[in-house]
């Protein structure tokens with residue numbers, strides 16, 4: 001299947017790949033917090049999605065872009081680690097074979113907010129069926145979703161919910177997935193991918 | 001400000017504070033909306049007794065790949081505060097114009113407390129917002 005190089009370019013805007021492994025074990029940092037540097041080895045595949053370095057992009061006409069994205073995400077992984085006190089961290093991009101569905105994945109050995117926080121909205125005042133943004137839970141996974149405006153009293157249409165972020169966390173690990181493409185319209189599917197990554201890492 | 005508007009704003013602050021606390025395991029939390037007298041300049045202040053990312057994280061982007069002088073999003077440090085900054089696109093080789101960098105969010109965090117300010121409307125330099133974060137930090141820590 002021919003891979004459109006414009007879809008490869010999407011990754012240059014800050015999506016992700018190529019994990020950088022940071023470190024070795026638990027260390028005490030300068031603020032007195034224990035930092036887990038145990039390396040993170042993201043799986044080569046999650047659901048139907050391949051880790052970006054496993055995708056054959058030779059037919060795209062721009063295989064150089066894949067290498068650029070791999071390098072960028074190695075640097076992003078270092079920045080993510082710095083943001084969490086030096087904990088092991090990985091920024092990865094996964095994609096379907098034609099690159100039309102992509103998952104930007106961030107994994108780090110530190111806790112994060114759970115459930116994810118979204119501010120309160122008085123949507124009923126605007127006669128809407130749902131707030132424009134809400135947090136939904138799927139088992140252990142919390143998702144922030146954007147809801148298309150639906151008048152109060154009407155059922156939201158199919159595919160009217162778009163996933164911004166799904167996250168699962170413990171005191172020692174966080175897995176975050178940001179979907180690109182139609183997959184975003186199915187938060188439960190995105191949440192299942194978070195669980196798959198979680199099970200592959202812990 | 002009309003009374004119903006004040007009441008609605010206060011209710012939103014209370015409900016958002018409750019959610020914020022829940023997101024951090026029941027830790028003490030505050031969501032507050034600040035505005036100037038003309039309501040032209042607004043800030044959302046979030047504080048919770050828990051740690052968060054520091055510095056803030058944005059994925060690495062090489063501006064050369066996009067033909068820009070700077071990435072569209074950067075993280076800048078002002079003392080103990082880190083700010084997520086939105087940069088107006090400036091072609092490579094040119095100097096970004098004054099006022100072309102705006103704070104999207106500024107945050108200060110320790111192992112036990114986080115203070116974040118998100119400007120809503122108005123033109124706020126990252127440095128200005130960082131100073132406000134320090135001011136809130138000093139009053140709640």
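For residue A:74, indicate whether it is assigned to a helix (DSSP H, G or I) and closer than 28 Å to residue A:112 by Cβ. So residue A:74 fits the description; yes. Residues that are at pLDDT 95 or above, buried (at least 17 other Cβ atoms within 10 Å of the Cβ), in a loop (DSSP other than H, G, I, E, B) and at the interface with chain B (Cβ under 8 Å from one of its Cβ atoms): does region A:87-103 have at least one? Checking region A:87-103: not a single residue is at pLDDT 95 or above, buried (at least 17 other Cβ atoms within 10 Å of the Cβ), in a loop (DSSP other than H, G, I, E, B) and at the interface with chain B (Cβ under 8 Å from one of its Cβ atoms).
Answer yes or no: is there a residue in region B:119-136 that is part of a strand (DSSP E or B) and crowded, with 20+ Cβ neighbours inside 10 Å.
Within region B:119-136, one or more residues are part of a strand (DSSP E or B) and crowded, with 20+ Cβ neighbours inside 10 Å.
Among the residues of region A:70-84, those that are more than 7 Å from chain B (Cβ to nearest Cβ) and surrounded by fewer than 24 Cβ atoms within 10 Å (Cβ to Cβ) comprise A:70, A:71, A:74, A:78.
The values are calculated or read from the model by the stated rules, or taken from the named source; none is laboratory data. From a predicted model like this one, the values you see are computed outputs, not experimental measurements. A quick note on method: Cβ atoms are made from the backbone with ideal geometry, for glycine too, and the neighbour counts reach across all protein chains shown.
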